[in-house]
1. Output the residues belonging to the range 73-103 that are part of a strand (DSSP E or B) and more than 10 Å from the ligand (Cβ to nearest atom).
2. Mind checking whether some residue in the range 110-118 is more than 9 Å from the ligand (Cβ to nearest atom) and at pLDDT 95 or above?
3. Among the residues in the range 108-122, are any more than 23 Å from Arg33 (Cα to Cα), more than 12 Å from the chain's Cα centre (by Cα) and surrounded by fewer than 16 Cβ atoms within 10 Å (Cβ to Cβ)?
4. Would you check which residues across the range 42-58 are under 15 Å from the mean Cα position of the chain (by Cα) and in a strand (DSSP E or B) and list them?
Amino acid sequence: MTDIRVRAAVAADQDAVGWIHRLAFAPMREIYRPGPRAHSATQQTGSIVRLVAEIDGRILATACYERTPDLLELFSFACDPAHQRQGLACALLRHIETIARQASIRRLRAVVVAETGNAAIYERLGFTSVATSPSMIFTSNRFPVIHETVMEKQLEAP
Ligand SMILES: CC(C)(COP(=O)(O)OP(=O)(O)OC[C@H]1O[C@@H](n2cnc3c(N)ncnc32)[C@H](O)[C@@H]1OP(=O)(O)O)[C@@H](O)C(=O)NCCC(=O)NCCS
């Protein structure tokens, strides 16, 4: 089995992270794009922690999480299209779940764009859809309105 290493990103990873982001989200840009109110996806500020997943020292996937008092918010999952379906996002999620448990947090949350169909991926990873509403931050050339679905995962006690 391929050895995937997950670690916190450092400043020197910025180019690799930006590149993976552009590659992974290129197909998504046919469906939606950030509007003027969206934050930069590759930005890492304040309480947001960016992770990278690498194989043989090469960064192939990335994700962010932010801790709130009662949950960990996950976002910006992106995997190099040439290395998708190899368990990289799963490895990032497992890492985040470990961090949550260590902080005695039992709830994870992710917001997905409904029109991408990504909710199905999160469901396979154990998340449940909680609510869907029109997006205030994303726009689209294809859809008149873009919707955001809030997905949550309850972690079992260790
Ligand atoms: C979503 C994404 C990060 C998944 O990364 P990944 O490393 O390929 O995911 P994994 O290999 O860990 O897959 C874990 C499980 O998720 C599900 N899954 C992942 N990609 C899927 C797809 N394209 N279609 C259906 N199920 C999928 C499967 O159940 C998979 O397990 P399996 O391969 O054993 O069946 C990747 O497809 C991506 O970068 N997409 C474009 C950017 C994006 O949409 N990000 C999410 C923003 S909310």
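The values are calculated or read from the model by the stated rules, or taken from the named source; none is laboratory data. Since this is a predicted model, take the numbers as computed values, not measurements. Here Cβ is always computed from backbone atoms with ideal geometry, including for glycine, and neighbour counts include all displayed protein chains.
1. Glu73
2. yes
3. Looking through the range 108-122, none of the residues is more than 23 Å from Arg33 (Cα to Cα), more than 12 Å from the chain's Cα centre (by Cα) and surrounded by fewer than 16 Cβ atoms within 10 Å (Cβ to Cβ).
4. Initial filter on the range 42-58 (under 15 Å from the mean Cα position of the chain (by Cα)): 42-44, 48-53.
Correct list: Ile48, Val49, Arg50, Leu51, Val52, Ala53.
Okay, residues lined up against (1) acidic (Asp, Glu); (2) farther than 20 Å from Thr149 by Cβ; (3) in contact with a strand residue (DSSP E or B) (Cβ under 7 Å, 6 or more places away or on another chain):
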| site | (1), (2), (3) |
| --- | --- |
| Arg50 | no, yes, yes |
| Glu54 | yes, yes, yes |
| Glu73 | yes, no, yes |
| Phe77 | no, no, yes |
| Arg107 | no, no, yes |
| Val111 | no, no, yes |
